[in-house]
Amino acid sequence: MTEPNADWVEFSTMQELRSKRIITRWIGNQEVAVTIHDGTIRAFCSVCPHKGGPLHEGQWGPGPRVRCPWHGYVFDLSTGECESRSGLHARLFSSVERDGKVFVAFRSPHS
């Protein structure tokens, strides 16, 4: 787990993540959502950058995409790019599985 200036936070077990479609937890002052798509763990801020909608409650697909349930903006969770509005990005977090546990890299506001 190497990411400069990041704290790796234990998020869940792989068993828990596989048994659910998505898991959300608070890390610091942010609600982080984690899901698995095509075998890849995706971690992202669950708050839509447009107007604060709950991205984790959105419609999924095709591919690693989520549609915000409030205004329909579509985000690619491999890049964070909004496919429906230029310049809008979902915040992504690095994540890794180690020994059956999922860890998320979190940068505090002062780092």
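General remarks:
- Highest-first arrangement of 47-58, 62-73, where packing means the average Cβ count within 10 Å: 47-58, 62-73
- Given R0 = 35 Å, the distance between the Cβ atoms of Thr79 and Asp99 translates into a calculated FRET efficiency of 0.75.
- Each other residue within a Cβ distance under 13 Å of Met14 adds +1 if Lys or Arg and -1 if Asp or Glu, for a net charge of 0.
- Summing Lys and Arg as +1 and Asp and Glu as -1 over all other residues whose Cβ lies under 14 Å from the Cβ of Glu81 gives a net charge of +3.
- Extension gain (nm, one decimal) between His89 and Trp70, 0.36 nm per residue minus Cα-Cα: 5.2 nm
- Ranking His50, Val32, Gly87 by how far each Cα lies toward the positive end of the dipole of the chain (charges on Cβ) leaves His50 at the top.
- Relative contact order of the chain, taken over Cα pairs closer than 8 Å and 6 or more residues apart, is 29 percent.
- If you run the Gaussian network model on the chain, springs between alpha carbon atoms under 10 Å, then out of Thr24, Thr13, Thr35 the most flexible one is Thr13.
- Ratio of Rg to Rh over the chain (Cα coordinates, Kirkwood Rh, two decimals): 0.95
- Virtual paramagnetic centre 7 Å along Cα→Cβ of Ala6, amide N under 12 Å, in region 59-96: 92-96
- The residues neighbouring Ala33, those whose beta-carbon lies less than 12 Å from its own, together hold a net charge of +3 under the Lys/Arg +1, Asp/Glu -1 convention.
- Extension reserve of the Trp60-Arg107 stretch, reckoned as 0.36 nm per residue once the Cα distance is removed: 14.3 nm
- Unpartnered cysteines - no second Cys beta carbon under 4.7 Å - across the chain: Cys45, Cys82
- Cβ-placed point charges (K, R +1; D, E -1), dipole of the chain about Cα centre in debye, nearest 20: 260 debye
Bear in mind these aren't lab numbers, they're just calculated from the coordinates by the rules spelled out. This is a predicted model, so every value here is computed, not measured. Note that each Cβ is placed from the backbone with ideal geometry, even for glycine, and that neighbours are counted across all protein chains shown.
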